[in-house]
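Q: Quick one: the structure is below, questions incoming.
The values are calculated or read from the model by the stated rules, or taken from the named source; none is laboratory data. These figures come from a predicted structure and were not determined experimentally. SASA here: full protein model, heavy atoms, side chains in, ligands and nucleic acids out. Shrake-Rupley method; radii C 1.70, N 1.55, O 1.52, S 1.80 Å.
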Amino acid sequence: MYNKSDQIIWDRVFSDIPDEWTQVGPSESMLDCLEYFRNNNVRTALDLGCGIGIWALFLSKSKMKVKGLDFSRKAIDFAKKWSMKENQEIIFDCSPLVDHPFRNELFDGILAAKILDNIPSEQLTATKNQLDRNLSPNGILFGLFNPYMIADQLSQLNIGSNPTKGITSINFKDDELEQLFPHYELLEFKHYEYGFRGLVWQKPANIREGESKG
C-alpha cells in the first residue's frame, strides 16, 4: 500500500545522492532520539521510511539492532551498500509501511522521521495500526515531522525546482500531532531547527489489544 506517484518522486530524489548526505554529523533530533532509546533500554529498532539509511546507520553504530524499510528501491539499494561499507549489519527492505517483511516482529523502539506526514491521509490509520503491532509494550516511538505551514508557504511548495514537488504531505498542526497516538504517553514535544517538530511517545505496558489503534 503506497502512492505510486510519490514513489516515482522519491526514486528521482535518490537517483543521485550528494556526498554530503553521508558525511554530515548527527543532528540534534538524532541525538535526542538516541538518548531516549538508550534511557529506555531500546536494543532493537525499526526505521520507517529509512531513505538511504542515515538514521539507521547512526543507531546501528550505537550498538542497536536495526531494520529499515522504504518504498524507494534506489534508496534501499544505496542503504545496503553504504551499511556494508561501514561494516554495519542492518537489514533493509524495499517495501511499504504496511504489509512489510517485519510486520509480525516486535521492536523496542520505532523511528518515524519525516514519514508519517508524507503519506496519504487515507493510509495513515493502517500505517499507525501496523506501527502499533510492531512496537513492544513500554516501547519508544520517536517521530519527526515537517514544519507547520501557513497557506502562503504551502503555495510555494510546487513552484520552482523543489525536488519533492508534488509529494503527498499532511500539514499537521501541533495539537494534531499531540493527539496522533492518544493511547500512548507523550513524553516530549520539541521544536527543532527550521521548524521541524519531534515527538516522543511511550506505549503503555498494559495496553489492551486494539486500544491504541485509530
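Q: Which three numbers, in whole Å and largest first, are the semi-axes of the equivalent ellipsoid of the chain derived from its Cα gyration tensor as √(5λ)?
A: Largest first, the chain gives 24, 22, 17 Å.
Q: Now, a different point. Residues of the chain: accessible area per residue at 1.4 Å, in Å²?
A: Dividing the accessible area of the chain by its residue count gives 52 Å².
Q: Percent relative contact order of region 1-112, based on C-alpha pairs within less than 8 angstrom and at least six residues apart?
A: With pairs under 8 Å counted, the relative contact order is 31 percent.
Q: Continuing with the same structure: Please give every one of the lysines within straight-line cross-link reach of Lys203, meaning a C-alpha to C-alpha distance under 28 Å, and leave out same-chain neighbours fewer than 8 residues apart.
A: Lys61, Lys63, Lys65, Lys67, Lys114, Lys128, Lys173, Lys190, Lys213
Q: What is the set of long-range amide H partners of Phe107 at a cut-off below 5 Å, with H atoms built 1.01 Å from backbone N?
A: So Phe107 has HN proximity to Leu135, Ser136.
Q: Check Phe92: other-chain or 5+ apart residues with amide H under 5 Å from its amide H, H built from backbone geometry?
A: Here Gly68 satisfy the definition.
Q: I'd like the accessible area for Ser169, computed on protein heavy atoms only with a 1.4 Å probe and all protein chains in place. Round to 10 Å², please.
A: 70 Å²
Q: If each DSSP helix of 4+ residues adds -39,500 (n - 2.57) and the sum is divided by the residues in the chain, what number results at 222 nm, nearest 500 deg cm²/dmol?
A: Helices in the chain give a 222 nm mean residue ellipticity of -9000 deg cm²/dmol.
Q: Name the residues whose placed amide hydrogens come within less than 5 Å of the amide hydrogen of Leu187, ignoring near sequence neighbours (fewer than 5 apart) on the same chain.
A: Val200, Trp201, Gln202
Q: With a cut-off of 8 Å between alpha carbons and a minimum separation of six or more residues, what is the relative contact order of the chain in percent?
A: 20 percent
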